[in-house]
Amino acid sequence: MSRILLVSFQQALRSITLALLPIAFLSLLVWATAGSSNGNTADPLRASLWIFLAAHQVPLHLALSNSTLTGSLTFLPLAALVIPWFTVKSGFRRLLAKIGESNLRDRRILIIDFALSYSLITYLLALITFSETVNTDFYIAIPILFLVTATFSFLNSGLLPRRENSQPWQQGVLVAFLLVVTLIGIGGVVLSISLAFHFVTVQQLTQVIAPGLFGGFALLLIQISYLPNIAIAALSYLSGAGLVLTNGSLISPLVHRIDEIPAIPILGALPIRSHPWLLSATALVIILGYLLASYAKKTYSNLLQFKQFLTSTIVIFSLFTLIASRAGTGELLSSNLSSVGAQWWLMPILLTIEISIGVLIYRYLPTIAVKLKSIRQ
């Protein structure tokens with residue numbers, strides 16, 4: 001047991017170090033070309049640890065001298081999760097290779113040991129950089145780090161059930177995940193179309209920032225890392241829930257209430273007025289629900305399994321959309337931007353209702369059609 005703990009600690013430390021090195025290099029490069037007369041070389045190194053925390057979706061409390069940048073950063077880029085994904089994947093697979101052959105119970109223990117070592121090392125390294133200006137709460141940071149690391153370790157552990165041996169509820173989890181990814185992808189397509197239509201606005205917002213060469217490269221990376229967040233917001237818009245930007249704002253197909261937007265280029269994709277016809281996009285979600293019921297009918301001839309699959313899929317779909325919408329929203333540096341992104345509580349409700357309507361149409365449309373035909377006769 002002590003050997004497992006030691007090897008887990010070593011691999012976690014190695015993985016974190018290898019991930020921090022390129023982040024620190026980029027931070028130093030951007031800092032060196034920014035032309036700032038304040039600060040010292042320790043600042044970009046500290047910033048690299050803050051970036052590493054943010055990539056793991058750990059919220060940061062900010063109290064900078066500029067009052068416009070005082071608040072919290074909980075609106076974190078979801079695409080940045082690729083950093084811990086590759087970090088954890090490399091470290092955990094090396095851990096499995098070091099330990100050798102292990103049964104399922106031992107692999108579960110390895111996941112816990114590795115995730116615990118990883119989260120504690122990351123927080124202790126970040127703790128050195130914290131001050132009154134930038135910090136986070138340990139009772140929030142450590143559980144989030146542990147959850148992210150344990151999830152990615154599990155996905156790389158070989159513990160996932162095989163499809164041919166999976167139960168209806170396990171298939172429901174997979175299908176629910178695919179539905180959520182599909183809908184977010186649709187939101188991303190709509191976002192791309194909107195960016196193309198509002199390219200001039202995006203260009204003007206970029207010129208306002210005037211980031212320079214390396215600053216522009218860093219800004220581009222930030223915009224790319226926020227694309228999943230904006231795609232989720234676009235999905236919330238299409239579902240009819242709408243999205244929010246500043247306090248008191250609401251942007252939906254029926255309502256367009258916003259005074260101004262921050263100088264963030266990707267926000268140039270926001271619609272400039274209401275578009276009621278876009279509510280027709282809810283029909284696409286209903287069609288997905290219809291196809292879900294059709295797939296269930298073809299896959300499960302047993303009525304009990306059919307109901308188990310549909311029930312578990314809809315429940316897990318609702319949970320996944322809630323997690324996605326909540327993770328894709330948050331405060332952006334200022335109390336005036338306290339809830340940026342999707343209507344995180346309303347979007348899962350509407351999407352679940354729309355999917356359920358499609359399922360109900362498949363289930364009862366033939367019965368209704370038969371009754372109408374008998375009435376006519």
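The values are calculated or read from the model by the stated rules, or taken from the named source; none is laboratory data. Being a predicted model, the structure only gives us computed values, none of them experimental. Heads up, the Cβs are rebuilt from the backbone with ideal geometry, glycines too, and the neighbour counts pull from every protein chain shown. Note: areas computed on protein heavy atoms with side chains; ligands, DNA, RNA excluded. Shrake-Rupley method; radii C 1.70, N 1.55, O 1.52, S 1.80 Å.
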Projected onto the charge dipole of segment 211-326 (unit charges on the beta-carbon of Lys, Arg, Asp and Glu, signs +1, +1, -1, -1), the Cα from 262, 251, 239 with the largest positive-side position is that of 239
Given H placed 1.01 Å from N in the peptide plane, which residues other than close sequence neighbours of residue 136 have an amide H under 5 Å from its amide H? 61
Have a look at segment 220-377 and give its Rg and Dmax from the Cα atoms, expressed in angstrom. 19.3, 67
Per residue, how much accessible area does the chain show when a 1.4 Å probe rolls over the protein heavy atoms, in square angstrom? 54
Running a GNM on the chain with Cα contacts under 10 Å, which residue among 176, 233, 342 ends up with the highest mean-square fluctuation? 176
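Using a ≥ b ≥ c from the Cα gyration tensor of segment 137-296 (square roots of the eigenvalues), is it rounded, prolate or oblate, where a/c under 1.5 gives rounded and otherwise the larger of a/b and b/c decides, a/b for prolate?
oblate
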Farthest toward positive dipole pole in the chain [+1 Lys/Arg, -1 Asp/Glu at C-beta], among 186, 170, 228: 170
So, in nm, how far is label residue 261 from label residue 108 when the simple model puts each one 7 Å beyond its Cα toward the Cβ? 4.8
Let me know the volume per residue of the alpha-carbon convex hull for the chain, in Å³. 162
From the gyration tensor of the Cα coordinates in segment 72-215, what semi-axes in whole Å does the equivalent ellipsoid have, largest first, with each one equal to sqrt(5λ)? 35, 26, 13
Compute the FRET efficiency between residue 25 and residue 346 as 1/(1 + (r/R0)^6), taking r as their Cβ-Cβ distance and R0 = 35 Å, and round to the nearest 0.05. 0.25
Förster radius 25 Å - calculated FRET efficiency between residue 159 and residue 363, Cβ distance, rounded to 0.05: 0.15
GNM flexibility winner over the chain from 135, 247, 103 (Cα, springs under 10 Å): 103
Distance (nanometres) between label positions extended 7 Å along Cα→Cβ at residue 140 and residue 297: 4.8
Take the chain, connect every pair of alpha-carbon atoms lying under 10 Å apart with a spring to form a Gaussian network, then pick out the residue of 161, 271, 348 with the largest mean-square fluctuation. 161
In debye, nearest 20, what is the charge dipole magnitude of the chain about its Cα centre with +1 on Lys and Arg Cβ and -1 on Asp and Glu Cβ, if you could check? 1600
Mind checking which of 129, 151, 140 is farthest towards the positive end of segment 91-163's charge dipole, using Cβ charges of +1 (Lys, Arg) and -1 (Asp, Glu) about the Cα centre? 151
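By the gyration tensor of its Cα atoms, with a ≥ b ≥ c the square roots of the eigenvalues, what is the shape of segment 173-243: rounded for a/c under 1.5, prolate for a/b over b/c, or oblate?
In terms of gyration-tensor shape, prolate.
Determine the gain in length on full extension of the stretch residue 17-residue 131; use 0.36 nm per residue of separation and subtract their C-alpha separation, reporting nm with one decimal.
Stretched fully, the residue 17-residue 131 segment lengthens by 38.8 nm.
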